[in-house]
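Engineer: Would you mind keeping the following structure in view while I ask a few things?
The values are calculated or read from the model by the stated rules, or taken from the named source; none is laboratory data. Predicted, not measured: the structure shown is a model, and the values here were computed from it. Here the Cβ positions follow ideal geometry from the backbone for every residue, glycine too, while neighbour counts run over all protein chains shown.
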Amino acid sequence: QRLAERHGFQFNEIASKALNVELEDFAVNANEKINKLQARIRELEQLPKIYEEQRKLEAVVGDFRKDHPRLQELAPTIRWIMQTNGVDKSDPQQALIDAYAMAERLKPAAEAAPQEQVQETAPAQPDLSAQTALAEKSVTGSPAPGSNPVNRKPAASARDAVRAAARRTGIA
């Protein structure tokens, strides 16, 4: 680098000529690499802080788990409440208590079944003697005997199709 400066050249100029790359491209590539490395350094500098926060959170959750038996069951709901800013996160302990209370209200515990067993009664059978014309009506809505929709001719026009449909439904 000193040699290049003595002869009035910049080191980047000599490097770009040696690598057969335009000086602007060389500088842009170098700047991109520098920016990526600086971003990675910032990420790595945050790791101790993240680990410390995680350790504190695990301690809070560990103590909380002892007094709240449904924590594991309600964990997805609590996580959702915490992520959607449903509670104030300035105090992690209080945030967890509030989120747990909200989750319990959203998903209450199943009530214990009564000790007495309730006898199941069979549903009462309807009295079919009062119905007249049982054979003519179908629960499934199938066509009446002797009806064959395959033999039906298509309508000559759209207007005729609408009229026929209205007649079938009883509108016209």
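Engineer: Pairs under 8 Å by beta carbon, first residue hydroxyl-bearing (Ser, Thr, Tyr) in region 68-97, partner surrounded by 11 or more Cβ atoms within 10 Å (Cβ to Cβ) and in a loop (DSSP other than H, G, I, E, B), six or more apart or different chains?
Structural biologist: Close Cβ pairs satisfying both conditions: Thr77/Lys107.
Engineer: Do we have any residue at all in region 101-112 that's more than 29 Å from the chain's Cα centre (by Cα) and at pLDDT below 80?
Structural biologist: yes
Engineer: Kindly indicate whether Ser129 is assigned to a helix (DSSP H, G or I) and modelled with pLDDT under 70.
Structural biologist: Here the answer is yes, as Ser129 does meet what is asked.
Engineer: Right, next: Yes or no: region 23-39 includes at least one residue that is surrounded by 13 or more Cβ atoms within 10 Å (Cβ to Cβ), out of contact with any Ser or Thr (no Cβ under 7 Å at 6 or more places or on another chain) and part of a helix (DSSP H, G or I).
Structural biologist: yes
Engineer: Condition first: surrounded by 16 or more Cβ atoms within 10 Å (Cβ to Cβ) and either of a type in the set (Phe, Trp, Tyr) or assigned to a helix (DSSP H, G or I) (or both). Now tell me which residues in region 65-96 satisfy that.
Structural biologist: Leu71, Leu74, Thr77, Ile78, Ile81, Met82, Pro92, Ala95, Leu96
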